[in-house]
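> Okay, here's the structure, questions in a sec.
Derivation of every value follows stated rules applied to the coordinates shown; laboratory data play no part. These figures come from a predicted structure and were not determined experimentally. Neighbour counts are summed over all protein chains in view; Cβ atoms, including those assigned to glycine, are modelled from backbone coordinates with ideal geometry.
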Amino acid sequence: MEVFIHPSSYVDEGVEIGSGTKIWHFSHILKGSKIGENCIIGQNVMIGPDVSIGNRCKVQNNVSIYKGVELEDDVFCGPSCVFTNVVNPRAFIERKQEFKKTSVKKGATIGANATIVCGTTIGKYALIGAGAVITKDVPDYGLVYGNPGRLMGYVCKCGTVLVNKGVVKGKVLEDNKLSCEYCESIYFYNKKDFYPIDEKI
């Protein structure tokens, strides 16, 4: 499969783009960046320099992904979500040597207009609610929303909410197990732990 780059977008030299990836209107991919296969990069997106994006990621309109941010495979970035890379920026002080790494793990979703403060890790298959402000690490499968973002529960790999504010939304099975009614994946859950036992997708 070929790469599609809309004529209004700019791709600098030294950029690697995987097959099947589409880059839409008015976007700019800066030097040294790597974008995997079958990604969709929306309108007015800026990536780089030196950013790594995995396979099958979807970056919606008006997102900037700066140096220091890394997306693993299957990450969804909602419209106008925000990444940062310096904790205490000043216009009159250059802090390029102080960039903090931000890692978004496989399958995670970041909702529209959420802000991800640099130096954090968003766990695999986590779900960040629209408008949330993330100031600390999010666990795998974590459901986080609010300002500041708080861990409110857990979601299935498919994105279905299984626990929210301590209320179990999934189907309760024996031995602290929950089943997702959407995809039938099974998880272990108690007040301290949440992890998959049998993922169907």
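> So, R0 is 22 Å and r is the distance between the beta-carbons of Phe26 and Lys100; what FRET efficiency does that work out to, to 0.05? Mind dumping the intermediate values first?
Working: r = 28 Å, r/R0 = 1.27.
Rounded to the nearest 0.05, the efficiency is 0.20.
> Starting at the first residue of the range 79-85, write each ³J(HN,Hα) from the Karplus equation 6.51 cos²θ - 1.76 cosθ + 1.60 with θ = phi - 60°, in whole Hz, x for Gly and Pro.
Running phi through 6.51 cos²θ - 1.76 cosθ + 1.60 with θ = phi - 60° gives x, 6, 5, 10, 10, 10, 9 Hz.
> If you consider only alpha-carbon coordinates, what radius of gyration and Dmax does the chain have, in Å?
Here Rg and the maximum Cα pair distance are 17.9, 60 Å.
> Tell me the net charge near Val15. Cut-off is 15 Å between Cβ atoms, Val15 excluded, with +1 for each Lys or Arg and -1 for each Asp or Glu. Spell out each step's value before the answer.
On the way: positive: Lys22, Lys31, Lys34, Lys67; negative: Asp12, Glu13, Glu16, Glu37, Asp50.
Within the 15 Å Cβ shell, the charges total -1.
> Separate question: Which of the GluC sites (Glu not before Pro) found in the range 1-82 are loop residues per DSSP with 14 or fewer other Cβ atoms within 10 Å of their Cβ? Write down the numbers at each step before the final one.
Working: sites: Glu2, Glu13, Glu16, Glu37, Glu70, Glu72; in loops: Glu2, Glu13, Glu37, Glu72.
Here the GluC sites (Glu not before Pro) that fit, given the DSSP loop and packing criteria, are Glu2, Glu13.
> Show me the trypsin sites (Lys or Arg not before Pro) within the range 10-79 that DSSP assigns to loop and that have at most 12 other Cβ atoms within 10 Å of their Cβ. Spell out each step's value before the answer.
Numbers: sites: Lys22, Lys31, Lys34, Arg56, Lys58, Lys67; in loops: Lys31, Arg56, Lys67.
For trypsin sites (Lys or Arg not before Pro) across the range 10-79 that sit outside H, G, I, E and B with at most 12 neighbouring Cβ atoms in 10 Å, the list reads Lys31.
> Something else about it: As a test of the definition: which semi-axes, in Å, follow for the range 159-201 when you take the square root of five times each eigenvalue of its alpha carbon gyration tensor? Largest first, please.
On the way: eigenvalues 43, 28, 17 Å².
For the range 159-201, the ellipsoid semi-axes come out as 15, 12, 9 Å.
> Still on this model: Going by amide H atoms built from the backbone, whose H comes under 5 Å of the H on Val138, apart from near neighbours?
Thr121, Ile122, Gly123
> Okay, moving on. So for each of 160-166, 73-79, 3-9, 134-140 I average, over its residues, the number of other beta carbons within 10 Å; can you give me the resulting order with the highest mean first? Mind showing how you got there, number by number?
Values: 160-166: 15.0, 73-79: 21.3, 3-9: 13.4, 134-140: 18.4.
Output ranking for 160-166, 73-79, 3-9, 134-140: 73-79, 134-140, 160-166, 3-9.
> Just grab the label-to-label distance for Glu16 and Phe4, each label 7 Å out from Cα along the Cβ direction, in nm (one decimal).
2.4 nm
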